[in-house]
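Enquirer: My questions all concern the structure below.
The values are calculated or read from the model by the stated rules, or taken from the named source; none is laboratory data. No experiment lies behind these values; they were computed from the predicted model shown. Glycine also receives a Cβ, built like all others from the backbone with ideal geometry; neighbour counts cover every protein chain displayed. Heads up: the accessible areas ignore ligands, DNA and RNA and are worked out on the full protein's heavy atoms, side chains in. Shrake-Rupley method; radii C 1.70, N 1.55, O 1.52, S 1.80 Å.
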Amino acid sequence: MWMLVPIAFAGKLLSAFRMQLSYLWSSLVPLLPSLRAAFQLAGTQRGRQPQGRKEAVETRREEEEGIDQPTTPLSVNYHFTRQCNYKCGFCFHTAKTSFVLPLEEAKRGLLLLKEAGMEKINFSGGEPFLHDRGEYLGKLVKFCKEELHLPSVSIVSNGSLIRERWFKSYGEYLDILAISCDSFDEQVNVLIGRGQGKKNHVENLQKLRRWCRDYRVAFKINSVINRFNVEEDMNEQIKALNPVRWKVFQCLIIEGENSGEDALREAERFLISDEEFERFLDRHKEVSCLVPESNQKMKDSYLILDEYMRFLNCRNGRKDPSKSILDVGVEEAIKFSGFDEKMFLKRGGKYVWSKADLKLDW
């Protein structure tokens, strides 16, 4: 009898508990669709979140790689002197200083450029044969080929100071010699500023062509097309000289160099229009070695190093120098060069530039 009391009590408790559960369930049923939707949404967001983080990390990494990617100085133009014996009216690298680096410092800078990826060095000026009668230049040429093993070593010169003995000493180390010649009419050369007393620029060009053939140096011609030569027909003379390349530039204005208050030249009177330049090119389209360069192609597609080994940025129409590679290194200095690598490739800046690969019939 005494066992029936707890059983009866337990029954009453169970009955009361069932009533509470029933009430709770009836309250929850209307809320079930909303709860189900909320859980589904939360699950979807959890599934997407890792993918979003992954995409953000990848995007950030790609951006950082783009920013940090250093420019390779594949081809560098080293204007180690600004001094010149000619007075070309359109010159855009004028004699503002007489400074030339000590030979060993210049070699140190060239080594830094080689370590940064340089394959071609072009020595220019001013007139590069003016300093130390070409011996300074010859030693740099030999150093770049014999010790740095650069695929290509070239020079741009007006040719007036080159002697055959220089070829005998250094010709084997030089891949390309480019001679500046804007006209095959000697009077036009004098008007431009490529005149030096009784010396005939065109006759000297013929002599240099022979020496390049004799000493196995690839011969190139550079011409600046301007107001005084834009109507000239040079087809016959260029084909006879048969250079590996005939670089044809449109006359370019650079503030502070050949234009403006602080400039040593006034090139405005030499300027031609884009249409005039195109007509000149069209007149010479049958010359297979012609390589045209308009102002647009030329301005930002060269890595120019000045006499202090500073990269010169021409993007604003003037030459703004970086810090010297001798002080901050190539990677840091080249960030301020304004170099347009795409335009460099578009204008044909990378070509067969080693005389070993040119396979010339000397």
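Enquirer: Of the residues F123, F184, F167, F129, which single one is over 15 Å from S354 (Cβ atoms), more than 21 Å from the chain's Cα centre (by Cα) and outside any loop (DSSP other than H, G, I, E, B)?
Expert: F167
Enquirer: While we're here: Does K139 qualify as being of a type in the set (K, R), open to solvent by 60 Å² or more (accessible area, probe 1.4 Å) and at negative phi?
Expert: It is true that K139 is of a type in the set (K, R), open to solvent by 60 Å² or more (accessible area, probe 1.4 Å) and at negative phi.
Enquirer: Only one of these conditions is not met by I254: (1) open to solvent by less than 30 Å² (accessible area, probe 1.4 Å); (2) within 25 Å of E286 (Cα to Cα); (3) in contact with a His (Cβ under 9 Å, 6 or more places away or on another chain). Which number is it?
Expert: (2)
Enquirer: Being in contact (Cβ under 8 Å) with a residue 40 or more places away in the chain, assigned to a loop (DSSP other than H, G, I, E, B) and in contact with a Cys (Cβ under 7 Å, 6 or more places away or on another chain), is that true of even one residue in segment 298-316?
Expert: Scanning segment 298-316 turns up at least one residue that is in contact (Cβ under 8 Å) with a residue 40 or more places away in the chain, assigned to a loop (DSSP other than H, G, I, E, B) and in contact with a Cys (Cβ under 7 Å, 6 or more places away or on another chain).
Enquirer: Out of L281, L326, L271, L290, report the one residue that is in contact with a His (Cβ under 7 Å, 6 or more places away or on another chain), open to solvent by 10 Å² or more (accessible area, probe 1.4 Å) and at pLDDT 95 or above.
Expert: Of the residues listed, the single one that is in contact with a His (Cβ under 7 Å, 6 or more places away or on another chain), open to solvent by 10 Å² or more (accessible area, probe 1.4 Å) and at pLDDT 95 or above is L290.
Enquirer: Of the residues that make up segment 211-223, is at least one under 30 Å from R269 (Cα atoms), out of contact with any strand residue (DSSP E or B) (no Cβ under 9 Å at 6 or more places or on another chain) and outside any strand (DSSP E or B)?
Expert: no
Enquirer: For N204, work out the one condition from (1) assigned to a helix (DSSP H, G or I); (2) without any contact (Cβ under 8 Å) to a residue 24 or more places away in the chain it doesn't fulfil.
Expert: For N204, the failing item is (2).
Enquirer: Y86 fails exactly one of the following numbered conditions: (1) open to solvent by less than 40 Å² (accessible area, probe 1.4 Å); (2) out of contact with any Gly (no Cβ under 7 Å at 6 or more places or on another chain); (3) at pLDDT below 95. What is the number of that condition?
Expert: That leaves (2) as the condition not met.
Enquirer: Residues E172, E146: which one is out of contact with any helix residue (DSSP H, G or I) (no Cβ under 7 Å at 6 or more places or on another chain), part of a helix (DSSP H, G or I) and not basic (K, R)?
Expert: Sole residue among the options that is out of contact with any helix residue (DSSP H, G or I) (no Cβ under 7 Å at 6 or more places or on another chain), part of a helix (DSSP H, G or I) and not basic (K, R): E172.
Enquirer: Could I ask something else about it? Being closer than 25 Å to F92 by Cα, out of contact with any Ser or Thr (no Cβ under 8 Å at 6 or more places or on another chain) and among the polar types (S, T, N, Q) is the requirement here; does N200 meet it?
Expert: yes
Enquirer: Related question: Just to be sure I understand, how many residues within segment 154-174 are in contact with a Pro (Cβ under 8 Å, 6 or more places away or on another chain) and buried (at least 23 other Cβ atoms within 10 Å of the Cβ)?
Expert: Here is the first cut: in segment 154-174, the ones in contact with a Pro (Cβ under 8 Å, 6 or more places away or on another chain) are 155-157.
Adding the requirement that they be buried (at least 23 other Cβ atoms within 10 Å of the Cβ) leaves 155, 157.
So the count comes out to 2.
Enquirer: Here is a list: L161, L112. Which entry is over 15 Å from N222 (Cα atoms) and within 21 Å of the chain's Cα centre (by Cα)?
Expert: The unique qualifying residue is L112.
Enquirer: Looking at P128, P151, can you tell me which residue is within 25 Å of Y351 (Cβ to Cβ), open to solvent by 50 Å² or more (accessible area, probe 1.4 Å) and touching a strand residue (DSSP E or B) at 6+ places or on another chain (Cβ under 7 Å)?
Expert: P151
Enquirer: State the number of residues belonging to segment 217-242 that are within 22 Å of the chain's Cα centre (by Cα) and open to solvent by 10 Å² or more (accessible area, probe 1.4 Å).
Expert: Within segment 217-242, the first condition is being within 22 Å of the chain's Cα centre (by Cα), and the residues that meet it are 220-224.
Filter once more, keeping what is open to solvent by 10 Å² or more (accessible area, probe 1.4 Å): 220, 222, 224.
The qualifying residues number 3.
Enquirer: Taking R245, is it under 13 Å from G89 (Cβ atoms), of a type in the set (K, R) and open to solvent by 20 Å² or more (accessible area, probe 1.4 Å)?
Expert: On the way: under 13 Å from G89 (Cβ atoms): no; of a type in the set (K, R): yes; open to solvent by 20 Å² or more (accessible area, probe 1.4 Å): yes.
No; evaluated as a whole, the condition is false for this residue.
Enquirer: Please go through segment 189-216 and pick out each residue that is β-branched (V, I, T) and surrounded by fewer than 18 Cβ atoms within 10 Å (Cβ to Cβ).
Expert: Within segment 189-216, V190, V202 qualify.
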